[in-house]
1. Hey, can you grab everything whose amide H is under 5 Å from the amide H of Ile161? Only 5+ residues off in sequence or another chain; H modelled, so Pro and N-termini drop out.
2. Which residue, His18, Ala107, His197, has the largest displacement toward the positive end of the dipole of the chain when charges sit on each Cβ (Lys, Arg +1; Asp, Glu -1)?
3. Would you mind checking which residues have amide H under 5 Å from Val58's amide H? H placed 1.01 Å from N; only 5 or more apart, or other chain.
4. Per residue, what volume in Å³ does the Cα convex hull of region 1-107 take up?
5. Dimensions of region 64-222 along principal axes (Cα, Å, largest first)?
6. Could you compute how fast the chain diffuses translationally, taking Rh as the Kirkwood radius over C-alpha pairs and applying Stokes-Einstein at 25 °C with viscosity 0.890 mPa s? Give it in µm² per second.
7. Rounded to the nearest 5, what is the percent of antiparallel bridges among the DSSP beta bridges in region 223-309?
8. When only C-alpha pairs under 8 Å and at least 6 residues apart count, what is the relative contact order of the chain, in percent?
Amino acid sequence: MRAGANGLSLLSVPLNVHLLCALEEEERSLGDLSHAVGLPPASTMRAYLRTLGEWGLVDRRQETTFPGSVGYALTESGEKLVQVGQVLQDWLKDAPNGGMALGSPGAKSAVKALVDGWDAAIVRALAARPCTLTELGRLIPRISYPTLERRVTAMRKVGQIEGRRDGNGRGTPYRATGWLRRAVTPVIASAAWERRHSPSRTAPLGRLEIESALLLALPLLRLPTDLSGSCRIAVELRGGGEQRYAGATVAVEDGEVRAGGRLGGDAEAWATGTAHDWYRWLNGGHEEVEIGGDHRLPMALADAVREALVPGQRV
């Protein structure tokens, strides 16, 4: 799965959410925990707690007061995933079809649709421009057309994309809604959790994920009206001894983002750093990202990206 998808998938499961939230309050015995989450079957409890344990989210502890009894507590990783869940909840409450609570059936459908769209690169394609199903099929040949259609339908039903006929008779172009664009915040929060707490089981951020995040965020940016120019926003990718970059070149005119495309070509300014540098920037750092050229443009863009992705909160 792509970066960010595993953490969100864990939080899409209602019982996972209820277990983590119950343990956030206090360490609990198995019996107390079972009552706190609605008395699911014992076999179901064991299976879900086993999964959470395998991900390092929950500690299973032998109780000393009653020999043979078992207690459960959140690990640091579990506490941090609960914080990701809070970011996800902030996004869910703004759903266009009505806010929903994390751990509810509606939230399960919405998060699963987001994860499937993110993992299949549907989000990447629609973040850049509207596409019909036929166009998406050409852009994403690795998944079958019926699977692609099911995923697009699921995203449309929950309000992440919308279809509007343009009158040319060539199908219905689907476009990302503002709500889907704001989903970049929980995706980035989840990816950050994966890198810090489960790097061996999850994928690092790659070119596709970085481009997707930036293309989602660009229409959300609020910039000074007297700002114009072009700027490269780049993330340094390290692996296998090779230094590579991913990101976008952004054109701004009178404070409006006019275009955003892949890196390359001339630009008047740039902002670049590793993924870790950008995480620290998003969390309030001011010296981690390297700025070049006309400093005002990359500083304003970087600050606008931070405000769009994490308005008043940390990832």
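Derivation of every value follows stated rules applied to the coordinates shown; laboratory data play no part. What you see is a predicted model; the values in this text were computed from it and never measured. So basically every Cβ, Gly included, is an ideal-geometry build from the backbone, and we count neighbours across all protein chains shown.
1. Arg156, Thr177
2. Ala107
3. For Val58, the qualifying residues are Gly53, Thr75.
4. Numbers: hull volume 11.7 nm³, N = 107.
Expressed per residue, the convex hull around the Cα atoms of region 1-107 is 110 Å³.
5. Largest first, region 64-222 extends 73, 38, 33 Å along its Cα principal axes.
6. On the way: Rh = 20.9 Å.
Calculated translational D: 117 µm²/s.
7. 75 percent
8. Working: 526 pairs, mean separation 50.0, N = 315.
Dividing the mean separation by the residue count of the chain yields 16 percent.
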